[in-house]
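Here's the structure we're looking at; comments come further down.
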Amino acid sequence: AVAGSTVELGCSAQGDPVPRVQWHKEHGDLPWGRHEVDPEHTLRLYAVTPADAGTYVCTAQSQLGTAAATTRLHV
């Protein structure tokens, strides 16, 4: 990603019961005041900086178990 741009990271999780989906950064916190997660579980990072680079993890959890997927962001 180019520094200063907006990045969208998608995550799709389905199930019955509907799983709870959460995003986190593997080593650190999501950028304070510069991120949001929409109802479709897409993570948006605004005005990315080199400090935002790293591995992001999407976790889906329900009574039946947990599944996780990772993606790596380069800035």
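Worth pointing out:
- Mean-square fluctuations from a GNM of the chain, with a 10 angstrom spring cutoff on Cα atoms, peak among 51, 13, 60 at 51.
- Å² of accessible area per residue within the chain, as computed with a 1.4 Å probe and no ligands counted: 65
- Stretchable slack from residue 75 to residue 53, in nm (0.36 nm times residue separation minus alpha-carbon distance): 7.4 nm
- Shape summary: the chain maps onto an equivalent ellipsoid whose semi-axes, from the alpha-carbon gyration tensor, are 24, 12, 9 Å in decreasing order.
- Here the spin labels are modelled as points 7 Å beyond Cα on the Cα-Cβ line, and at residue 63 and residue 44 they lie 3.5 nm apart.
- Shown for the chain: the carbon plus sulfur share of the solvent-accessible area, taken with all protein chains present and a 1.4 angstrom probe, equals 51%.
- Full-stretch length increase - residue 8, residue 26 - with 0.36 nm per residue and alpha-carbon distance subtracted: 4.8 nm
The values are calculated or read from the model by the stated rules, or taken from the named source; none is laboratory data. All values reported here derive from a predicted model rather than from experimental measurement. Glycine gets a Cβ as well: all are built from the backbone with ideal geometry, and neighbour counts include every protein chain shown. Each accessible area value is taken on the protein alone, full model and side chains, heavy atoms only, with ligands, DNA and RNA left out. Shrake-Rupley method; radii C 1.70, N 1.55, O 1.52, S 1.80 Å.
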